[in-house]
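To keep things clear, I will list the structure first and then write my remarks on it.
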Amino acid sequence: MKGLILSGGKGTRLRPLTYTSAKQLVPVANKPVLFFGIESIVRAGIEEIGIVVGETHQEIRAAVGDGSRFGARVTYIQQDAPRGLAHAVLIARDFLGDDSFVMYLGDNLIVSGITELVEEFRRLGCNSEILLAKVANPRQFGVAELTADGKVHRLVEKPEQPKSDLALVGVYMFDHHIHESVRRIQPSARGELEITDAIQDLVDRGLDVHPHVVKGWWKDTGKLEDMLEANRIVLEKMESDWSSTALRGSSAIEGRVVLGEGAEVVDSVVRGPVIIGAGARIINAFVGPYTSIGDRCEISHCEIENSIVLADSSILDVPRRIDGSLVGRNVRIVRAIEKPKAYRFMLGDNSEVGIV
């Protein structure tokens, strides 16, 4: 069995951050979202992984390399433009051959992993297994309609009038029959080859598509709110890892906290769950729960919680607490002259903001 990870796309819902960074490399708990998917596939016993890449391919290749750091062998498959999930399967034909495979969307996160799901697919011997989850906003997803006895009846991509609240989660398992289906379908109204149409073709041909309703937690990390929620969930499961030698002055660590190598906490309070990257410095500050601070950041004379700050950024002398924010790499947030009533940030890499 092989793995196919989709890591193209432009990440428009996370702009301006994704103007300069692949959306799959935005970190959750200081680890790129894409890495969670790779690790999950490898834990399921799959070592041959193809990664479909687009215009951010150089950044993806630099981050993942040949896959050996994950215990995998990675092949890169170039997609000229985002043409749909089924198109990704179409262009991966040479890599996949006639092997069964798991397709994993690189910006999705399933905290419990996929090992049991892959084992179920193998045990059932079905032609496809799709993951479904109940959602409040099914119009934003591919939606599955099931029969009274729990079989897949119909799949629709982003329906205007959903007849179900069961959304397709971004993990799919297929055998070789999917290759004929992706060749049979036509582009949708939005000009893409939809994987929902390809799966519907499997159903229409009488092949066995097994629906599995996910009981645990999963997240499509395509929006700010989703990134922050994913960050919270991962941090909740984290174990503390820090040394008292990192503390200076009247500092205090409360709850589950991870401090990277060379990180310093000076006259500050860090209340977990929190992760602080290598070489970061927290000075006369409060870092509150559900916050990830990247490598080599400086957080000084300010308060921050429920936020993600990427590497090499500085937040200095900000008079009000920062909450629910995503700050890119090499960003500077500094105090200016006058005070606003509240702050909320979503900043791209190499930004600088003056606080007044």
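The values are calculated or read from the model by the stated rules, or taken from the named source; none is laboratory data. Bear in mind that the values here come from a model prediction, so they are computed numbers and not experimental data. Here the Cβ positions follow ideal geometry from the backbone for every residue, glycine too, while neighbour counts run over all protein chains shown. We work out accessible area using only protein heavy atoms, side chains counted, and drop any ligands, DNA or RNA first. Shrake-Rupley method; radii C 1.70, N 1.55, O 1.52, S 1.80 Å.
Within the stretch 197-218, the residues that satisfy the criterion of being exposed (fewer than 15 other Cβ atoms within 10 Å of the Cβ) and within 16 Å of Ser128 (Cβ to Cβ) are Asp204, Arg205, Gly206, Val213.
Given the structure, is Ala336 of a type in the set (A, V, I, L, M, F, W, C), in contact with a Gly (Cβ under 7 Å, 6 or more places away or on another chain) and more than 26 Å from Leu25 (Cβ to Cβ)? Yes, satisfied.
Would you please name the residue that is surrounded by the most Cβ atoms within 10 Å (Cβ to Cβ), looking only at residues in the stretch 281-334 that are of a type in the set (D, E, K, R) and touching a Pro at 6+ places or on another chain (Cβ under 9 Å)? It comes out as Glu305.
If you scan the stretch 177-196, which residues turn out to be among the acidic types (Asp, Glu) and either open to solvent by less than 10 Å² (accessible area, probe 1.4 Å) or closer than 17 Å to Pro82 by Cβ (or both)? Scanning the stretch 177-196 gives Glu192, Glu194. Check the stretch 96-105 and report whether any residue there is modelled with pLDDT of 95 or more and open to solvent by 60 Å² or more (accessible area, probe 1.4 Å). Yes - at least one qualifying residue is present in the stretch 96-105. Restricting attention to the stretch 149-166 and to residues that are free of Cβ contacts under 8 Å to residues at least 40 places away in the same chain and under 11 Å from Leu132 (Cβ atoms), the residue that is surrounded by the most Cβ atoms within 10 Å (Cβ to Cβ) turns out to be Ser164. Looking across Gly97, Gly142, Gly113, Gly125, one residue alone is at positive phi and in contact with a helix residue (DSSP H, G or I) (Cβ under 7 Å, 6 or more places away or on another chain). It is Gly113. For the criterion of being without any contact (Cβ under 8 Å) to a residue 60 or more places away in the chain, surrounded by fewer than 19 Cβ atoms within 10 Å (Cβ to Cβ) and small (Gly, Ala, Ser), Gly50 fails. Listed by position, the helices (runs of 4 or more DSSP H) contained in the stretch 167-270 that have at least 1 residues being among the hydrophobic types (A, V, I, L, M, F, W, C) and free of Cβ contacts under 8 Å to residues at least 60 places away in the same chain are 195-204. For the stretch 263-273, filtering for residues that are touching a helix residue (DSSP H, G or I) at 6+ places or on another chain (Cβ under 7 Å) and crowded, with 22+ Cβ neighbours inside 10 Å leaves 3.
A Cβ distance below 6 Å, combined with a sequence gap of six or more or placement on separate chains, defines the contacts here; from the stretch 110-126, residues that are farther than 13 Å from Val42 by Cα reach residues that are open to solvent by 60 Å² or more (accessible area, probe 1.4 Å) in the pairs Cys126/Asp208.
Applying the condition of being over 17 Å from Pro289 (Cβ atoms) and basic (Lys, Arg) to the stretch 223-262 and asking which residue is least open to solvent (accessible area, probe 1.4 Å) yields Lys223. The one condition from (1) assigned to a loop (DSSP other than H, G, I, E, B); (2) on the phi < 0 side of the Ramachandran plot; (3) modelled with pLDDT of 95 or more that Arg296 does not meet is (2). Checked against (1) modelled with pLDDT under 95; (2) acidic (Asp, Glu); (3) open to solvent by 50 Å² or more (accessible area, probe 1.4 Å), Asp349 passes all but condition (3). The residue that is farthest from Glu192 (Cα to Cα), among those in the stretch 112-142 that are open to solvent by 40 Å² or more (accessible area, probe 1.4 Å) and of a type in the set (A, V, I, L, M), is Leu124.
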